[in-house]
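Below: one structure, written as structure tokens.
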Amino acid sequence: MLIGMTNDMQQTDMTRTTARRTGRAITVAAGAASALLLWVVNDLWAGIDLAVRQGDATQHIGPAAVVGAALIAGMAAWGLLALLERTARRPARTFRITALIVLVLSLAGPLGSGVGTSSRLVLLGMHLTVGVALIIGLPGRRDCR
């Protein structure tokens, strides 16, 4: 009987782990999709040219850059949370504080290099949308302690 209980406990742990990974993957994908949606609405429909200054050159921000940056940020956030779950006493709280600081610092990019007020506002919106999705979604509701 003890062996059956151990197998059931292992099965439950595997199910929880799979559910957690799936939820986190969905959160990262949702952050990227929300940034892409903002790009579509503002660049294609509203006609706002999303561009940043890099030195003397101006670079247009396309859909691949938007999705790529959001996915990289999401995977980095997921990695940080996984590390904190192994090392920190209160990983969700530590993650949220750290991620919020990184989000605030990341806002300097669009503010400093965005070309035009409209472009800056849209880029800020993308940063905030992805950041908030990751900060709220990655740790999950169960870990909100």
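The values are calculated or read from the model by the stated rules, or taken from the named source; none is laboratory data. Bear in mind that the values here come from a model prediction, so they are computed numbers and not experimental data. With ideal geometry, Cβ positions are generated from the backbone for all residues, glycine too; neighbour counts draw on all protein chains shown. All accessible areas refer to the heavy atoms of the entire protein, side chains included, with ligands and DNA or RNA removed. Shrake-Rupley method; radii C 1.70, N 1.55, O 1.52, S 1.80 Å.
State the percentage of accessible surface on region 25-126 attributable to carbon and sulfur atoms; use a 1.4 Å probe and exclude ligands, DNA and RNA. Walk me through the numbers before you get to the answer.
Numbers: 4000 of 5800 Å².
Percent of accessible area from carbon and sulfur atoms in region 25-126: 69.
Rounded to whole numbers, the Karplus 3J(HN,Hα) couplings from phi for region 103-109 are 4, 4, 5, 5, 5, 5, x Hz, using 6.51 cos²θ - 1.76 cosθ + 1.60 with θ = phi - 60°, and x at Gly and Pro. Helix 117-137 and the longest principal axis of the C-alpha atoms of the chain enclose an angle of approximately 0°.
Using θ = phi - 60° in the Karplus curve 6.51 cos²θ - 1.76 cosθ + 1.60, the 3J(HN,Hα) couplings for region 64-78 round to 5, 5, 5, 5, x, 5, 5, 5, 5, 4, x, 5, 5, 5, 4 Hz; x is entered for Gly and Pro.
Share of pairwise Cα-Cα distances greater than 26 Å in the chain is 36 percent (whole percent). For the chain, the solvent-accessible area of protein heavy atoms averages 63 Å² per residue (probe radius 1.4 Å; ligands and nucleic acids excluded).
Pairs of alpha-carbon atoms within less than 8 angstrom and 6+ residues apart define the contacts here; what relative contact order does the chain have, in percent?
Details: 137 pairs, mean separation 48.4, N = 145.
Dividing the mean separation by the residue count of the chain yields 33 percent.
Which whole-number percentage describes the relative contact order of region 83-145, with Cα contacts under 8 Å and a sequence gap of 6 or more?
Relative contact order comes out at 40 percent.
Compactness ratio of region 31-101: Cα Rg over 2.2 N^0.38 Å, N = residue count? If you can, show how the numbers build up before the last one.
Numbers: Rg = 16.2 Å, N = 71, 2.2 N^0.38 = 11.1 Å.
That works out to 1.46 for region 31-101.
Residues whose amide H falls under 5 Å from that of Ala51, counting only those 5 or more places apart or on a different chain, are Ile61, Val115, with hydrogens built in the peptide plane.
The protection proxy used here, the mean number of other Cβ atoms lying within 10 Å of each residue, ranks peptides 20-29, 67-76 as follows, highest first: 67-76, 20-29.
Based on the reciprocal of the average 1/r between different C-alpha atoms, the Kirkwood radius for region 69-145 equals 13.1 Å. With a simple spin-label model that places each label point 7 Å from the Cα along the Cα-to-Cβ direction, the separation between Leu105 and Ile72 comes to 1.6 nm.
With a 10 Å radius around each residue's Cβ, average the other Cβ atoms per peptide and rank 101-114, 44-57, highest first. Show your work: numbers first, answer last.
On the way: 101-114: 14.3, 44-57: 12.1.
The most tightly packed comes first, giving 101-114, 44-57.
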